Each structure stands twice: as C-alpha cells, then as structure tokens.
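The values are calculated or read from the model by the stated rules, or taken from the named source; none is laboratory data. Quick caveat: nothing in here was measured; it's all calculated off a predicted structure. Note that each Cβ is placed from the backbone with ideal geometry, even for glycine, and that neighbours are counted across all protein chains shown.
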Amino acid sequence: MSLQKLSIIFILFFLTSCSSADTRASTPFPDGYVPTAVALTKAALPSTTPLPLTATITPTSTASVTPSPTATFPPTSAPSLPLPAIRILAPGEMSKVVSPIVLKSYVRPGADGEIKVELLGEDGRLLARDLFYRNTVLVEGAYIKLEIPFETRAAAEVGRLEISTQDEFGRPKETFSTRLLLLSVGKNDLNKNSTQYPRAVFFYPDIEEEIYGGTLPVMGEMQAYNDNIVVLELIDEEGKTLGLRTLNLPAGERERFETSIEYEVEEQVSARLTIRQADEGFEGRVFLHSQIVILNP
C-alpha cells in the first residue's frame with residue numbers, strides 16, 4: 001500500500017473518532033432542570049401531614065330592609081269581610097232615574113237558581129217585578145243586567161229597588177235594597193254604589209256550626225239602614241220561629257254586636273239564622289242576611 005493511501009485512511013479514522021466523541025445522547029430536560037423537576041414532582045405528591053382546614057370568611061354587608069307601607073284599613077275591619085251575597089253596582093243609592101232602569105248587579109242565586117227583583121213606589125205599590133233563574137259557581141255570584149220599565153203617578157217619587165233570594169224551604173235567604181228617585185221625564189243622574197262589603201255579617205257561629213244547650217251566642221257586625229230595630233231570628237225548615245232577639249243599632253254606622261238567642265228543640269234541627277231590618281216609609285224588609293246553624297237540645 002502506498003504511503004498516500006495510508007495517509008487518507010488515517011485522516012478518515014481520525015475524523016470519525018472526533019465526531020463520535022462530540023455526539024452525546026439528547027435529553028428532554030435542559031441543563032440544570034432535572035433537580036428542579038424532581039423537586040416539583042415531590043411537591044405535587046400528597047403530603048403526609050394534612051393541611052389545616054382554615055377558611056377565611058369575609059363578612060358580607062347586611063342588607064338594608066325597607067319596611068313596606070302599613071296598610072290602613074277602616075276601623076270597621078271591613079277589608080277582612082267576605083263579598084256580599086247581593087251587590088247592586090248601578091244605579092247607586094238615591095240616583096235619579098227615568099224608565100227603564102238599567103240594573104247591574106252580582107247575585108248569589110237562591111234555590112234552583114231563583115232571583116227576584118222588585119221595584120216599589122213610595123206608597124208601597126208594586127211598579128215592576130221580575131222573577132228569573134241563574135246558576136253560577138262563582139263566589140261573587142251571577143252577573144245580572146236587567147232593564148226595569150216603570151211609570152210614576154207624579155213628576156218624581158222615591159222608589160225602592162229590591163233584590164231577594166229564598167232557600168229550598170221558602171225561607172228568606174238574602175235581601176238587598178237601594179232607594180231611587182224615579183222621574184217621569186228628564187235624564188239619568190246616577191250615583192256610585194258602595195257595596196264592596198256586606199251590610200251585615202256573622203263572626204260567630206260559623207256556617208252549619210253545631211250548637212248545644214238551648215242558647216245560641218251570636219257575634220257580628222252591621223251597618224243599619226235606619227233607626228228601626230234589628231231583628232235576629234231562628235227559623236226551622238217549616239218556617240217556625242225557634243228563637244228571637246232584637247237589637248238597637250245606630251243608623252248609618254257599622255256596629256259590632258254580641259248577644260244570644262234562646263231556643264228550645266227536642267232533636268237536632270237545621271235552622272236558618274237571619275238578621276233583618278224593616279224599611280222606613282215602605283212595607284217589608286229593606287235588608288236581610290242569613291246562614292244555616294245546627295241546633296241540638
């Protein structure tokens with residue numbers, strides 16, 4: 001082998017050895033990172049010493065509550081009272097009306113849905129009567145709109161418009177009236193009617209309350225039409241009076257009353273407790289309200 005060839009082989013061997021010496025295995029971590037990675041891994045492992053569960057609570061601001069306005073009710077406790085069984089929406093008390101009167105009202109019908117409407121003149125004569133039947137499940141009653149024609153004997157006279165109902169035994173259940181000025185000529189001048197609350201209500205007894213011992217305590221409230229006596233009466237299914245009590249209440253003012261009615265029965269009786277008042281200047285009742293009570297000896 002020539003000297004020249006040996007020189008070339010030696011140079012190639014030398015270069016290969018240098019390249020192998022400078023080539024090192026690659027690592028995914030930079031220099032100095034391995035100790036750091038180990039420390040981080042150790043920190044990530046669960047500690048054998050549990051950390052204290054201390055929570056820092058930052059108190060929130062207390063909400064400022066503004067009290068709502070206090071409702072102001074009449075001293076009669078009327079807002080807690082139920083709706084009347086009969087409400088005349090129009091015409092209002094002492095409205096001036098010409099024929100025909102347009103009656104608008106809500107009525108809880110009597111037995112079989114019966115409702116009676118009458119118009120009386122100031123001398124007691126019957127000017128108009130309408131008997132009809134309506135059924136409803138609404139607590140406010142059936143809405144009634146009715147035209148009532150009439151004739152007067154003078155240019156004007158006071159009349160009484162009355163709505164009434166009866167139960168299945170023919171006993172009076174409810175009566176409500178309003179006075180009107182009946183005109184032969186002219187035009188209507190209607191007043192507003194305030195019948196949102198019942199004219200009379202019983203606080204005790206409740207409907208179909210069972211009573212024992214011959215004495216029925218009665219507590220209630222009424223706004224009397226006039227100065228005539230107010231009559232409390234117990235009536236059985238045959239129309240017989242089982243007990244009676246009279247009250248003197250001031251006209252036009254809501255008054256609470258507490259009284260009692262003595263009764264005598266030999267067996268259990270379903271009686272109708274009524275409160276009523278007679279009219280002034282007209283025949284008959286101007287108002288009546290009732291409910292059922294159960295009387296025992």
Margin query: So Asn248 passes all but one of these: (1) loosely packed, with under 13 Cβ neighbours inside 10 Å; (2) within 27 Å of the chain's Cα centre (by Cα); (3) at pLDDT 95 or above. Which condition number does it fail?
Written below: (2)
Notebook entry, point to check: Given the conditions (1) touching a residue at least 24 places away in the same chain (Cβ under 8 Å); (2) in a loop (DSSP other than H, G, I, E, B), which single one is not true for Met219?
Noted result: (2)
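So that you can scan it fast, the table gives a plain yes or no per residue for (1) within 27 Å of the chain's Cα centre (by Cα); (2) in the same structural domain as Val117 (by TED's automatic domain parsing); (3) among the hydrophobic types (A, V, I, L, M, F, W, C):
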{"site": "Glu140", "(1), (2), (3)": "yes, yes, no"}
{"site": "Tyr143", "(1), (2), (3)": "yes, yes, no"}
{"site": "Phe150", "(1), (2), (3)": "no, yes, yes"}
{"site": "Ala155", "(1), (2), (3)": "no, yes, yes"}
{"site": "Gly159", "(1), (2), (3)": "no, yes, no"}
{"site": "Glu168", "(1), (2), (3)": "no, yes, no"}
{"site": "Thr175", "(1), (2), (3)": "yes, yes, no"}
{"site": "Leu181", "(1), (2), (3)": "no, yes, yes"}
{"site": "Val185", "(1), (2), (3)": "no, yes, yes"}
Next item on the list: Would you tally the residues in segment 202-233 being among the hydrophobic types (A, V, I, L, M, F, W, C) and either buried (at least 19 other Cβ atoms within 10 Å of the Cβ) or more than 31 Å from the chain's Cα centre (by Cα) (or both)?
Entry: 9
Note to self: Return the pair list, or none, for Cβ contacts closer than 6 Å from residues in segment 150-177 that are touching a residue at least 12 places away in the same chain (Cβ under 8 Å) to residues that are of a type in the set (Phe, Trp, Tyr) and outside any strand (DSSP E or B), at least 6 apart or on different chains.
What the structure shows: Arg160/Phe282
Item checked: Failed criterion for Glu264 (all others in (1) assigned by TED's automatic domain parsing to the domain that holds Ile292; (2) out of contact with any strand residue (DSSP E or B) (no Cβ under 6 Å at 6 or more places or on another chain); (3) within 28 Å of Ile88 (Cβ to Cβ) hold) -> (3)
Margin query: Of the residues Ile88, Ile101, only one is surrounded by 15 or more Cβ atoms within 10 Å (Cβ to Cβ), within 27 Å of the chain's Cα centre (by Cα) and touching a residue at least 40 places away in the same chain (Cβ under 8 Å); which?
Written below: Ile88
